[in-house]
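*Asks:* Mind having a look at this structure? Questions to follow.
The values are calculated or read from the model by the stated rules, or taken from the named source; none is laboratory data. Treat the numbers as computed from the prediction; the structure is a model and nothing was measured. Because the Cβ atoms are built from the backbone with ideal geometry, glycine has one as well, and the counts that use them run over all protein chains shown. The protein model used for the area step is the full one, side chains on, heavy atoms only, and it has no ligands, DNA or RNA in it. Shrake-Rupley method; radii C 1.70, N 1.55, O 1.52, S 1.80 Å.
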Amino acid sequence: MEVSVLNIKGEDTGKKVVLNDAIFGIEPNDHVIYLAVNQYLAAQRQGTHKSKERSEITGSTRKLIRQKGGGGARRGDIKSPVLRGGGRVFGPKPRDYWFKLNKKVKTLARKSALAYKAQQNAIVVVEDFDFEAPKTKDATAMLNNLKVAGKKTLILLPEVQKNVYLSTRNIQRVNVMTASAINTYNVMNANVLVVTENALKLVDETLNK
C-alpha cells in the first residue's frame, strides 16, 4: 500500500512510501488487541484501595449481647462486620493488577492495531520536521494543514523532540510519542496517526525483529 508523503503545510511532496504488508497488510486479530489493551489499562491502576478488616478496627473486645435468645444475628465485640462501623469482610487490599503477555502476542496486537488504521485510511505520513521553538500556534497550524484538527491524533516521531512535545501539550486530543514506544492502546484510541518518514522506518524495525 502506497501513501503520499506530505509536508507540515499539508502539501504533497511528490514522494511516496510503501506501508509494509507484514505490518499494515495483515488480517487484524481482535482477541490479541483486547488482551493488549486490557493489560495496558490494568497496569495503569494504582491498586492502593484498602478497607479495614475486623482485626484492624480499634474497639473493645467486650461481648455486647448474649450468644442466643436475642432474636438477631450472633455477634461478639463492637468490631463485628454485622455492626455499623465494624470491620469489612473480605475487603479490598492493595494489589498489582498487571499481568504478563507474551512478546509475540503484544507484537501481533500492535501490528493488528496498525493494520486497522491502514484499512481506515487513517495514516498520514509527513516529512521529518521539528519546530524552532515550542509554540502551540505552530502545532495547531500543522494539524489544520494536515486536516486532522479536532480528531484524536497520535503523532509518531523517530526520537524525543522537546519542541514538538511542548507545542502540542496544550492541544486537546493530541498525543505525541516515539515510534519505538508505540503501544496498542494509544494506536486504537487515536482516530488518525501522523507518522514521520523516519518514524515509519523505526516502526518497521521494531515490529519485524
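*Asks:* Out of every Cα-Cα pair in segment 90-209, what percent are more than 23 Å apart?
*Replies:* The answer is 34 percent, as a whole percent.
*Asks:* Residues with beta-carbon under 14 Å from that of THR13, excluding THR13: net charge, scoring Lys, Arg +1 and Asp, Glu -1?
*Replies:* In short, -3.
*Asks:* List the residues whose amide H sits under 5 Å from the amide H of VAL124, counting only those 5 or more places along or on another chain, with H placed 1.01 Å from N in the peptide plane.
*Replies:* LEU193, VAL194, VAL195
*Asks:* To continue, here is another question. Out of residues 5 or more away from LEU157 or on other chains, whose amide H comes under 5 Å of its own, with H placed 1.01 Å from N in the peptide plane?
*Replies:* MET177, THR178, ALA179
*Asks:* In addition: From the phi of every residue in segment 18-30, what ³J(HN,Hα) in whole Hz does the Karplus formula 6.51 cos²θ - 1.76 cosθ + 1.60 yield, where θ is phi - 60° and glycine or proline is x?
*Replies:* Each residue's phi maps through the Karplus curve to give 9, 6, 4, 5, 5, 10, 8, x, 7, 7, x, 9, 5 Hz.
*Asks:* If the cut-off is 16 Å between C-alpha atoms, which lysines fall inside it for LYS209, apart from same-chain ones fewer than 8 positions away?
*Replies:* Output for LYS209: LYS103, LYS104, LYS106, LYS111, LYS201.
*Asks:* Full extension from LYS162 to LYS68: what is 0.36 nm times the residue separation minus their Cα-Cα distance, to one decimal in nm?
*Replies:* Extra length available between LYS162 and LYS68 comes to 26.6 nm.
*Asks:* Ranked from highest to lowest mean number of other Cβ atoms within 10 Å per residue, what is the order of the peptides 99-106, 67-74, 152-159?
*Replies:* 152-159, 99-106, 67-74
*Asks:* Right, next: How large is the accessible surface of ASP96 in square angstrom, using a 1.4 angstrom probe and rounding to the nearest 10?
*Replies:* Rounded to the nearest 10, that gives 110 Å².
*Asks:* Among THR184, ASN121, TYR40, whose Cα projects farthest towards the positive end of the dipole of the chain, with charges put on the beta-carbon of Lys, Arg (+1) and Asp, Glu (-1)?
*Replies:* Positive-end residue among those listed: TYR40.
*Asks:* Charges at C-beta only: +1 for Lys and Arg, -1 for Asp and Glu. How large is the resulting dipole of the chain about its Cα centre, in Debye rounded to 20?
*Replies:* Dipole about the Cα centre, nearest 20: 2440 debye.
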